[in-house]
Amino acid sequence: MEKVFKEGVVGIYQNQSYSVEEGSFYYLTHLFDEKGHLDYDQIVQLYNDQYTHPCHGRKSIGPFESLDELNKFSFKLCEEFDFSFVSLISSGEYNAVLESVVDKDELLTKLVQSGNVLENIDRGKKSIFKKLFH
Amino acid sequence: MEEMTILCGEKLSLTTPVPRDNDVVFPGENWFFYWKTGASLWEAKLQECPIVGKILVPINWAFHTDTGDQFDFADQRPETDLKKLVQIATKLGREVVFLLPISPAPFLLNGGVPHLLSRSLAISDDGLGYSILDSEKRLNKLYSFYDPRVFQAYAKFVKALGHYFSQKGIDKDIWGIECGYMEEGQFKTYFQDSSRAFEQAFGRFIQAKKEEKREADPNDDTPLISGIEDEKFFRHEFKNTIRNLYLDSAKAALNANWEGDLKYSFLSGDNEEFFNRLTDHYSRREYSEQLFNALSQGIVSSSVLIPAKSKGHILERQMEELVVQSLSQVTFTDHLYDEDSSAIFRPFSFVEVYQDLEGYNIDKTWQQNGLNAYLKRDFLRTFTIRDNKKFSWEKGELSGEGIHVVSGRSFDTKSFHSVLKLFMNGGKIIIDTSAMNEDFKRRLESFYLENSLNLEKLNYVTNVQNISLGEGRLVLLEGDVLSGVSFDKQLHFWERIFTTFSIRHLRIHDEYEVDFSWRKRATSASELNYEEVRRLSFYNGTSYKKKMNFQVPKNFVLVRVIDQINVKVETTSHVVQVEMLPGASVSFDFGIYS
């Protein structure tokens, strides 16, 4: 499992409209690593710290106005929780992967590999600093 | 025979646990997966299996057909010979009950849909295809039941199944099962689907509705759907229409054996849990919560998706005691009043709360007026939530036991008559008269006058009226007023109301964070000084040691302490102290007397 995840996270997002007035936005609906689903309360807290409007809810982290905003938040996630990467995959892409696989291991590998992988390139540098100062 | 898949498609390592064959064939709760073993082994397996009570056999549609047109009932594969299965069970003195999925089934490959018809993935509310890991960690993708070809094939199958049962003289009960999972206390059916197949079928449904509307009134220009609420309403209506199509076709084809239909909640059957399972993690505390939420709505739970070795002692025990030995016994047994049945500890509740469970919006009536919060505080695990449709005297759904709480908002003529009949037969009913039709209010008043009933009126937080007739009681109150008062006042109000019913109960509060359940049974010949026997079971699913104590109330006698695992119990006059290690469980039997 660790070999697949390499301390990274898979995030599945959806383009969703909860009301006609608000229009459609992006929401992160599932975030998991090799230990399973992440603790949503912490992620909601991180979202609320970043944005003035409140997070929609535990099962829908957002709203994000654009994929760019979603990517920025994902980088923030990496920074805050020390992930090596976030592999972002849309619900449509997820369903395409699901249709193409036959077993859970293949699904997991493809989810990690097929998404838009945002690497935490500062992660290594931080470790060096930690070693210098601790 | 379907290939044994224990070793196929899995990466083996020295540490990979291999499921035992019996765990695959008997995945839990007395279920028997006949397709997972050779027919020549059925007798040996059924003989050696530790199942007590009826054997529940789900019917695997796809196993009996490859194409959806031709069906195999022992013509080609002996494993499709359900008649032989029944004969073997009968020879061994075992009773069989068949379960026929009337929805996508998470424990079957492709949700039960034959391979050639598995075209459109069923999509859940979060936009993701339903995907389930079964007890062998195989990936089951669910396919949409809204594809017309799937329905046509299903209808053919159940017809062929009915014909086969009739021809072979198989007289065993069949229950239709609607499969789903519990999410935040609500039952979610796998019929909830937003796939392409659903959208296309829904489009056709809306067209037909528009035609209907045009024909009814050609001058009416108003749009059929003018907003989100309308859309939700029609989506919901469409979903129910299709669900009923499957149910009705199964009922009609299997009429001679049909016993009814049930909702089945599959633990770990939701998408969130899927991603935990994908990484080999199991949320056992969450499964227990799902189990208790399902029980509070009279829904049967199943742990067949979870590998036997991953269930854990606490969940296993809960499933065995609360489902297998209790709810399933009550659900699947014909004779509730014979000697054997009186020994069963069955689920019970003091309060039955009726609300709209099948609507497209969550009914918040009882949340807003504080009743839910009060019941969770003082009657935790002893109140049940039922759908409004179940409040029916004609259908025999109502018992004289317990207090029925209904909302006048949802009244129709049937439910109104049910209130009166239940009351006249000694039933106790609390009615929230807010938004009750004025006509029903007038009819109630006429009812009091015609029967010379004494009406007591009181103004406490809101207007309360009480009418008694023998054992029967009617309490009418305006619940909407309660929605505007403080939370503490709401709790105090309901506490005062329920105190007037003199319910003999030992209240266990949630503060200990230990799961518990109440069941009851009739007394035996040696227990005639009691009216009934109640069993209180505790389960510590946490990772912490727990210390609790409770006082044994008047009218209760602690008869025995049983099934202690990692527990220390001390009893002094009327106080019981319990110390539970992580994973501990214990049960207390109380005799109840007047």
Original post:
Can you put B:PHE266, B:PHE516, A:PHE81 in order, fewest other beta carbons within 10 Å first?
Top reply: A:PHE81, B:PHE516, B:PHE266
Subject >> Over the protein assembly as shown, equivalent-ellipsoid semi-axes from the Cα gyration tensor in Å >> reply: 41, 34, 32
Original post:
Mind checking which aspartates and glutamates have their C-alpha under 16 Å from B:LYS156, skipping anything on the same chain fewer than 8 residues away?
Top reply: B:ASP66, B:ASP69, B:ASP72, B:ASP147, B:ASP248
Subject >> Mean ellipticity per residue at 222 nm, deg cm²/dmol - from DSSP H runs of n ≥ 4 across chain A, formula -39500 (n - 2.57) >> reply: -14000 deg cm²/dmol
Original post:
Which residue fluctuates the most in chain A, going by a Gaussian network model with Cα springs under 10 Å, if the choices are A:SER17, A:SER87, A:SER60?
Top reply: A:SER17
Original post:
Under 13 Å Cα-Cα from B:LYS546, which aspartates and glutamates qualify once same-chain neighbours fewer than 8 residues away are excluded?
Top reply: B:ASP510, B:GLU511, B:GLU513, B:ASP515, B:GLU579
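Based on alpha-carbon atoms only, what is the radius of gyration of the stretch B:467-541 relative to the globular estimate 2.2 N^0.38 Å?
Its radius of gyration relative to the 2.2 N^0.38 Å reference: 1.55.
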Original post:
Over the C-alpha atoms of the stretch B:511-592, what are the Rg and the largest Cα-to-Cα span, Dmax, in Å?
Top reply: 13.1, 41
Original post:
Residues of A:71-78, mean number of Cβ from any other protein chain within 10 Å of their own Cβ, rounded to a whole number?
Top reply: 0
Original post:
Net charge near B:SER468, counting Lys/Arg +1 and Asp/Glu -1 over other residues with Cβ under 14 Å of its Cβ?
Top reply: +1
Subject >> Separation of the B:PHE233 and B:ALA208 label points, Cα + 7 Å toward Cβ, nm >> reply: 1.9 nm
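Could you work out the mean count of beta carbons from other protein chains within 10 Å of each residue's beta carbon in B:124-134?
5
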Original post:
Given the stretch A:9-133, what count of lysine pairs have C-alpha atoms under 22 Å apart, with each pair 8 or more places apart or on different chains?
Top reply: 11
**OP:** Would you order A:CYS55, B:CYS179 from fewest to most other beta-carbon atoms within 10 Å of each residue's own beta-carbon?
**Re:** A:CYS55, B:CYS179
Subject >> Dimensions (Å) - chain B, Cα atoms, principal axes, largest first >> reply: 77, 72, 46
Original post:
Counting other C-beta atoms within 10 Å, which of B:ASP134, B:ASP69, B:ASP173 has the fewest, and how do the rest follow?
Top reply: B:ASP69, B:ASP173, B:ASP134
**OP:** Just flag the GluC sites (Glu not before Pro) in the stretch B:162-269 sitting in loop per DSSP whose Cβ has no more than 13 other Cβ atoms within 10 Å.
**Re:** B:GLU184
Subject >> the stretch B:351-499, relative contact order in percent, only Cα pairs under 8 angstrom and at least six apart counted >> reply: 24 percent
Subject >> Charge dipole of chain A about the Cα centre (unit charges at C-beta), most positive-ward option of A:TYR94, A:PHE83, A:CYS55 >> reply: A:PHE83
Original post:
Which value, in debye to the nearest 20, describes the size of the charge dipole of the protein assembly as shown about its Cα centre when Lys and Arg Cβ atoms bear +1, Asp and Glu Cβ atoms bear -1, and nothing else is charged?
Top reply: 1360 debye
**OP:** Identify, among B:LEU295, B:PHE107, B:TRP42, the residue whose Cα sits farthest towards the positive end of the charge dipole of the protein assembly as shown, taking +1 on the Cβ of Lys and Arg and -1 on the Cβ of Asp and Glu, with the dipole about the Cα centre.
**Re:** B:TRP42
Subject >> Under Karplus coefficients 6.51, -1.76 and 1.60, residue-wise ³J(HN,Hα) of the stretch A:70-78 in Hz, glycine/proline x >> reply: 4, 4, 4, 5, 5, 4, 4, 4, 4
Subject >> All lysines inside 18 Å of B:LYS91 as judged from Cα atoms, apart from same-chain residues fewer than 8 positions distant >> reply: B:LYS45, B:LYS54, B:LYS83, B:LYS168, B:LYS172
Subject >> Computed helical MRE - 222 nm, chain B, DSSP H runs ≥ 4 contributing -39500 (n - 2.57), nearest 500 >> reply: -9500 deg cm²/dmol
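All of the numbers you see were taken from the coordinates with simple rules; none came from a lab. All of these numbers come straight from a predicted model, not from anything done at the bench. Cβ: placed from backbone, ideal geometry, glycine included. Neighbour counts: every protein chain shown.
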